[in-house]
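The values are calculated or read from the model by the stated rules, or taken from the named source; none is laboratory data. Please read all numbers here as calculations on a predicted model, not as lab measurements. These area figures cover heavy atoms from the full protein model, side chains too; ligands, DNA and RNA do not enter into them. Shrake-Rupley method; radii C 1.70, N 1.55, O 1.52, S 1.80 Å.
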Amino acid sequence: PASAYGAPPALVGREFTYSELRAATGGFAADAVVGRSLGGAWAGELGGERVVVQSLGVQGGDAHMRPALAGLYRLQHPNLVRMLGCCIESGLVVYERAAGGRLSDTLAHASPHAPAQGNGGVGAGGGSGGAMPGGPLPWAARVRVAAGVAAGLVFLDSARPHPLPHGQLRPSKVWLTSGGVAKLALGGAAQCAAAAAAASGRTPIGAAVDLAPWTAPEALPPPHGCGAPACASGDVFSLGMVMLQLLTGRGGDVGARGAVAAVGDAKRRPMGFMAEVVDRGAGAWPAAEALAFADLALKCASADPATRPRLREEVLPTLVQLAQRTQLYAAAAAVQAPLPAVPPPPPQQQRQQQHWSHPGTPLPAPFGTAGVATAGPPAGREPPAIFLCPITQDVMHDPVFAADGYTYERLA
């Protein structure tokens, strides 16, 4: 209800007509479908803005739909897709459509699974670039996507007076901006549809979607599960499955089903972990970071709800730390990048230098550079180990003393 979010019933964004939304989606064309949950979702354009039109799968009068949609409109967060408006009579909701497309499409088209190569050293390729529509998604961007998804889930779990679990998280529900920021789609839409249906006494329309690969085992309907209601623990399981797909690049039901076993088996053979499961499209994912990411993903995707880490207290802080550590590798890569080559002087200047210098006599060194070595430190004069961070193996710029007695780079 609207009162649960402190919003007046009328606050539902712009109210569209059915004909407007039908025209925006090309008559709800089959090639515009971007989702099949609830009553379906279609990509379109309204007034020059890219949108997604979602059917809640239930039609009801203003008295039943408006309070539910008012609560949905109040869900505003950087990692949630923004609701723009609705058509109350038809049960249609209009959302913004992020320019980077869906995560599922990005991984399927730009990152087909292929084992990664290399030892994943500091500053290795892959960098920390953002999501590039139509191009590969670098490993650092994947870590930040996972952290963004977790932040959106924590926000939904913080709704008062009752938490609002997503309940349908999977890669196709994650949209990316042009800068690689993750936005969760349809957060609360299922609950909104259920509330409207319960208030109107109607049954939601639309075929059920098989979410087995991303749905927690206890939430599956009988006989596969006990049909437990959506909750934060179930969202943690789904997040773990999304993380495994980010790690491996294996999409679809088949890839998702096999990801847990594949990553778990590869972790028992650390020497072959990077080559066996890590997606080549992510670039040279540093081995320590990939293993930490995989470890958290497997814990989240545990079949036993009691062993899953808590979303707010464990999952989000760990992912934020991993996302912050990507900055260290980006900085190291920038330091290790070769300097641009100095272009040769123009022909006229070369002739002047030959005219001014005596044949066979080298030109004098520039003022102030005589006796200065330019080939780097002598062999055997590497920085002492005490100056190196045990995690990044690079010289620490902001060292801190940890409780374990070692000194680390602050961001690590």
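Of Lys183, Lys299, the order by accessible heavy-atom surface (1.4 Å probe, DNA, RNA and ligands excluded), from most exposed downward, is Lys299, Lys183.
Each residue was assigned an accessible area with a 1.4 Å probe, and for Phe237 the value is about 20 Å².
For Ile88, Ile391, the ranking by accessible surface with the largest value first comes to Ile391, Ile88, using a 1.4 Å probe. Taking a straight line from the alpha carbon of Lys299, these lysines sit under 22 Å away, with near neighbours fewer than eight places off in the same chain left out: Lys173, Lys267. Taking only protein heavy atoms and a 1.4 Å probe, the accessible area of the stretch 224-321 is 60% carbon and sulfur.
Full extension of the chain segment joining Gln321 with Ala23 gains 102.8 nm, where the gain is 0.36 nm per residue of separation less the Cα-Cα distance. Per-residue SASA remark: Met83, around 10 Å² accessible (1.4 Å probe; ligands, DNA and RNA not included). When only alpha carbons are used to place a centre, the stretch 16-45 and the stretch 257-323 end up 36 Å from one another.
Normalised by the number of residues in the stretch 133-185, the mean separation of alpha-carbon contacts (under 8 Å, six or more apart) gives a relative contact order of 38 percent.
Heavy-atom accessible surface of the stretch 25-96, averaged per residue, reaches 36 Å², computed with a 1.4 Å probe.
Relative to the current alpha-carbon distance between Arg310 and Cys226, full extension at 0.36 nm per residue lengthens the span by 28.1 nm.
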